[in-house]
Amino acid sequence: MKYSVVIPTVGRPNLDELLDALVEGEGPEPVEIIVVDDRETRLGPAAARNSGWREARGDWVAFIDDDVVLAPDWKAQLCADLAGLPDDVGASQARIVVPLPEDRKPTDAERGTAGLASARWITADMAYRREALARAGGFDERFPRAYREDAELALRVQDLGYRIVRGERVTTHPVKPATFLTSVDQQRGNADDALMRRLVGPGWRARIGGQPGRFRMHVLTTAAGAGAVLCGLLGWRRAAVRLGAVWAALTGWFAVRRIVPGPRTADEVVRMVVTSALIPPVACWHRVRGELRHRRVRP
């Protein structure tokens, strides 16, 4: 069995260790290891992966993110997962493990990364049959971030009649470094959700096994806040107070839901309070931006 490895990268520090694990690890060697450097073009991981697999010569293409940690025998595990798979299997997904702190509850950012362990079809470690990639046309390069592009491809591959199976190989995905505004920056994904809805239909979230989103609550919170400001400017004090109370209640409820599962340290509480006020309007802005940008997209 011939397989290739494709790694899109923006130069993360872990890349050298990842390449060492691939070169020195136990198991059959890949036909090639293709690293696609996206630091200059910034076209996104979808475009980088497409560049990689189209140059690959293996019957299977294993996509790996540049921030994962591979087991010493990852190559052997991968080949064991792929060996003997019937022709109707188009892809094999690894089992992703996200190590969390053992001495405290995880932060909001850490819980977000931990969700990768149960996510479907993520390309942190995903091997596709090259034939399936060719028939599906590869990743949709209109997805500019590492968000939704892998699930959208998986849906198209399955619509062609292929199955996607979960292998036995285990890959570790460390918790991503987070800043104070990481959760706010992540709201850019709402624009990609708009593209998913255009491509897959209104039931796209159920098809990928996702949890119900919070966008409607974000719209309500943003509308209450904007209404309170507008009424205040117009001199409608009573309406401004009432709408302000609605905004405060919704924002507080959102913050509490994020604070309770975490370590509840002072800095985490402050972060949750501030970002819980910022997230709703930012999410709405990116969703509107996505709807306008992709308004002409058809399935």
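The values are calculated or read from the model by the stated rules, or taken from the named source; none is laboratory data. Note that the structure is a prediction, hence the values are computed from the model and not measured. Heads up, the Cβs are rebuilt from the backbone with ideal geometry, glycines too, and the neighbour counts pull from every protein chain shown.
Tabulated data for the structure shown
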item	result
Matching residues, the stretch 112-138, being on the phi > 0 side of the Ramachandran plot and either surrounded by fewer than 17 Cβ atoms within 10 Å (Cβ to Cβ) or of a type in the set (D, E) (or both)	G137
Selection count, the stretch 157-188, where residues are more than 24 Å from K75 (Cβ to Cβ), out of contact with any Leu (no Cβ under 9 Å at 6 or more places or on another chain) and not in a loop (DSSP other than H, G, I, E, B)	6
Residue match in the stretch 234-254 (condition: in the same structural domain as R214 (by TED's automatic domain parsing), surrounded by fewer than 17 Cβ atoms within 10 Å (Cβ to Cβ), of a type in the set (A, V, I, L, M, F, W, C) and closer than 25 Å to K105 by Cα)	yes
Index of the failed condition, R49 passing every other in (1) over 18 Å from G138 (Cα atoms); (2) within 22 Å of the chain's Cα centre (by Cα)	(1)
Number of positions in the stretch 258-284 that are within 28 Å of L230 (Cα to Cα) and without any contact (Cβ under 8 Å) to a residue 24 or more places away in the chain	2
Neighbours by Cβ (under 7 Å, 6+ apart or cross-chain): first from the stretch 72-88, assigned by TED's automatic domain parsing to the domain that holds D125 and basic (K, R); second surrounded by 11 or more Cβ atoms within 10 Å (Cβ to Cβ) and in a loop (DSSP other than H, G, I, E, B)	K75/G25; K75/E26; K75/G27; K75/P28
Residue among A194, A146 that is in a helix (DSSP H, G or I) and in contact (Cβ under 8 Å) with a residue 60 or more places away in the chain	A194
Flag if A80 is within 23 Å of R145 (Cβ to Cβ) and at pLDDT 95 or above	no
Filter result for the condition that a residue is without any contact (Cβ under 8 Å) to a residue 60 or more places away in the chain, farther than 30 Å from V157 by Cβ, within 21 Å of the chain's Cα centre (by Cα) and assigned to a helix (DSSP H, G or I), over R205, R238, R216	R216
Subset of the stretch 3-42 [part of a loop (DSSP other than H, G, I, E, B) and either touching a Phe, Trp or Tyr at 6+ places or on another chain (Cβ under 6 Å) or not assigned by TED's automatic domain parsing to the domain that holds W74 (or both)]	G25, P30
